């Protein structure tokens, strides 16, 4: 039997700040949300959570609305620079 590896949609390395932006919450709120799962997520090495860690975060917290919106053709937050994001708000 051949094993097939599947990745969650848009699972790529993300920084803490990028995840906060995607979920649309403050640093403090996001930190509180992931606190119960830190042992399962594991320690971040460097600036980014790796793909496996991001998959765990998505599984525990659910997929952010911005990822669901992108499936419908809307712009994804990491595709927009800070200036464009400020104009949109």
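The values are calculated or read from the model by the stated rules, or taken from the named source; none is laboratory data. These numbers come from a predicted model, not from an experiment. As a convention, Cβ positions derive from the backbone with ideal geometry for all residues, glycine included, and neighbour counts pool all protein chains shown.
Observations on the structure shown:
- Applying a threshold of 7 Å to beta carbon distances and a minimum spacing of six or more residues, or different chains, the list of pairs starting in segment 1-24 at a residue that is part of a loop (DSSP other than H, G, I, E, B) and ending at one that is at pLDDT below 90 reads 9/67; 10/67.
- Options 32, 83; residue that is more than 13 Å from residue 12 (Cβ to Cβ) and at pLDDT 95 or above: 32
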